[in-house]
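K.L.:
Let me begin by handing over the structure; questions about it come next.
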Amino acid sequence: MRCPYCGHEDSQVKDSRPTEDAAAIRRRRQCEACGARFTTFERIQLREVTITKADGRREAFDRDKLMRSVKIACRKRPIDENRIERLVSGIQRQLETSGESEAAAHQIGGMVMEALKGVDNVAYIRFASVYRDFTEARDFEEFASTIAAAVQKKP
């Protein structure tokens with residue numbers, strides 16, 4: 001593993017343990033050249049998934065890109081980092097085990113919205129504003145009113 005500080009090719013694993021959701025192995029490493037310590041994560045990848053964008057472009061599924069978009073929606077909300085990690089891991093697992101090698105971007109957006117709905121209404125609305133391309137304040141009002149109505153119907 002290449003050292004992120006000095007670029008040296010060799011590092012020594014000092015500690016390995018599974019993550020909380022057991023979806024990855026967390027490894028603490030130490031560079032043999034400069035002595036710096038850093039963490040790496042090893043994840044199982046069942047299959048390569050290609051994402052088809054609305055404009056027809058295709059790109060490889062990028063877990064980090066999905067994580068960034070979910071974190072942006074959850075910014076400054078009382079949501080535990082581990083919960084976000086589990087949400088993203090769950091979506092990735094669904095994609096990899098679906099049996100399909102391609103997925104539409106809108107399908108992933110729908111999966112994220114469904115997951116965020118159960119986590120935090122504000123994060124849900126934030127993500128929906130980008131995913132559904134809200135252009136006016138009225139779009140927010142209409143969407144928020146559907147959430148408020150759904151919350152009031154619950155016993």
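The values are calculated or read from the model by the stated rules, or taken from the named source; none is laboratory data. Every value quoted in this text rests on a predicted model; they were computed, and no experiment measured them. For neighbour counting, all protein chains shown are included, and Cβ atoms are generated from backbone atoms with ideal geometry for every residue, glycine included.
K.L.:
Tell me the helices (runs of 4 or more DSSP H) entirely within segment 74-155 that contain at least 1 residues that are modelled with pLDDT under 85.
P.N.:
121-131, 137-153
K.L.:
Considering segment 99-117 alone, what residues qualify as being more than 18 Å from Arg58 (Cα to Cα) and surrounded by 14 or more Cβ atoms within 10 Å (Cβ to Cβ)?
P.N.:
Across segment 99-117, the qualifying residues are Met111, Val112, Met113, Ala115, Leu116, Lys117.
K.L.:
Within segment 33-49, can one find any residue that is β-branched (Val, Ile, Thr), closer than 27 Å to Tyr131 by Cβ and modelled with pLDDT of 95 or more? So that I can check it myself, show each step before the final result.
P.N.:
Initially, segment 33-49 is screened for residues β-branched (Val, Ile, Thr), giving 39-40, 44, 49.
Restricting the remaining residues to those that are closer than 27 Å to Tyr131 by Cβ gives 49.
Pick out the ones that are also modelled with pLDDT of 95 or more and you get none.
Within segment 33-49, none of the residues are β-branched (Val, Ile, Thr), closer than 27 Å to Tyr131 by Cβ and modelled with pLDDT of 95 or more.
K.L.:
Let me ask you something else. Could you say which residue among Thr52, Thr19 is outside the structural domain of Met1 (by TED's automatic domain parsing) and not aromatic (Phe, Trp, Tyr)?
P.N.:
On the way: Thr19 fails: outside the structural domain of Met1 (by TED's automatic domain parsing).
Being outside the structural domain of Met1 (by TED's automatic domain parsing) and not aromatic (Phe, Trp, Tyr) holds for just one of Thr52, Thr19, which is Thr52.
K.L.:
Please verify whether Ala36 is of a type in the set (A, V, I, L, M, F, W, C) and outside the structural domain of Arg17 (by TED's automatic domain parsing), treating the condition exactly as stated.
P.N.:
Details: of a type in the set (A, V, I, L, M, F, W, C): yes; outside the structural domain of Arg17 (by TED's automatic domain parsing): no.
It is false that Ala36 is of a type in the set (A, V, I, L, M, F, W, C) and outside the structural domain of Arg17 (by TED's automatic domain parsing).
K.L.:
Just a yes or no: is a residue in segment 75-83 within 19 Å of Phe61 (Cα to Cα), in contact (Cβ under 8 Å) with a residue 40 or more places away in the chain and within 14 Å of the chain's Cα centre (by Cα)? Full working, then the answer.
P.N.:
Pass one, segment 75-83, residues within 19 Å of Phe61 (Cα to Cα): none.
Checked segment 75-83: no residue is within 19 Å of Phe61 (Cα to Cα), in contact (Cβ under 8 Å) with a residue 40 or more places away in the chain and within 14 Å of the chain's Cα centre (by Cα).
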